[in-house]
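Read through the structure below, which is laid out as structure tokens, and then see the notes.
The values are calculated or read from the model by the stated rules, or taken from the named source; none is laboratory data. Being a predicted model, the structure only gives us computed values, none of them experimental. Counting neighbours? That spans all protein chains shown, and the Cβs are built from the backbone with ideal geometry, glycine included.
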Ligand code: ACO
């Protein structure tokens, strides 16, 4: 039975880190308020030379190096982003070209903060169907470009960055101890589309627009939606929170992560937290966190890793993977 095994990972952050104290000079806020409500202490902000595609390319190159592969070995690139360099062509084809890859296919997936989970699930289905053997999956964002820097309820939360993984088809026994993606679950409900959105776009206003959010409403729904897709993963595999070695959630807010882990009975020491350093990087947050935990030697081959995200749409999803 075919499984999609993660054989490479990488990440890239803009050069400039912005501490909470620097935002105190832009809107009326404080390091204490931001850290206490969100767990965020700093985020990275792209300069004019850095874009979603350039950060995505850097993350992809690191993932290829770690896997001992080149772009020639990749069949498909999927980029999750809500902040593309251009409305079209897709950021994925931009990165494809930057990597010197002129075969295969490349496309973007847009599911906001759940984008990486949606992209990885799509990639997994390409591998399982035999349509691709190796897929480069990238989450890359420059949310700083769509923030309203006069709105303290949103501008303090987000940051820029990119992460990537490569999945590869490998034969397994079809048991949960095999390496690879064991199960994936996606959900969305457009009834919540006005709770977190960008107030512009080519077809509505002809402008790029800025991020708008009803923070409390997002918070209210987050934990229930996250636990729903994780329980679906447990139901599909017969595994439980006790079996999880590492919980790598979308990094939106420390309080949402801790409340979800508590509700699911996942021990604190199994939770990978990077929101303090990166802020909320939307589709980039999970691969950035994976890169940090794996390159630090925490996530090791054979570990059971639980990924989840929830974001604008609303969209939400989980992927359970044997690393
Ligand atoms: N600095 C100082 N004060 C602030 C700030 C700020 N940056 N932002 C809001 N406040 C004020 C408000 O104006 C309000 O003041 P008031 O009482 O005088 O009216 C007070 O703080 C409380 O505001 P609330 O919005 O009720 O604060 P809350 O405790 O809900 O925290 C937060 C706000 C952090 C946004 C929270 O609702 C949250 O985390 N929501 C989830 C949103 C999220 O994570 N979104 C990410 C995208 S979705 C995803 O990735 C899952």
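So which of 293, 259, 289, 267 ends up being buried (at least 23 other Cβ atoms within 10 Å of the Cβ) and closer than 24 Å to residue 237 by Cβ?
Of 293, 259, 289, 267, the one residue that is buried (at least 23 other Cβ atoms within 10 Å of the Cβ) and closer than 24 Å to residue 237 by Cβ is 289.
Among the residues of the range 193-220, which ones are in contact with a helix residue (DSSP H, G or I) (Cβ under 7 Å, 6 or more places away or on another chain) and within 17 Å of residue 256 (Cβ to Cβ)?
Residues satisfying the conditions are 195, 196, 213, 215, 219.
Can you confirm whether residue 163 is surrounded by 17 or more Cβ atoms within 10 Å (Cβ to Cβ) and more than 23 Å from residue 234 (Cα to Cα)?
yes
Which numbered condition trips up residue 212, out of (1) within 19 Å of the chain's Cα centre (by Cα); (2) within 26 Å of residue 152 (Cβ to Cβ)?
All conditions pass for residue 212, except number (1).
Do any helices (runs of 4 or more DSSP H) lying entirely in the range 1-67 carry at least 3 residues that are more than 21 Å from residue 273 (Cα to Cα), in the same structural domain as residue 149 (by TED's automatic domain parsing) and away from the ligand (no atom under 16 Å from the Cβ), and which ones are they?
52-67
With 146, 138 as the choices, which residue is at pLDDT 95 or above and closer than 20 Å to residue 59 by Cα?
One residue alone meets the criteria, 138.
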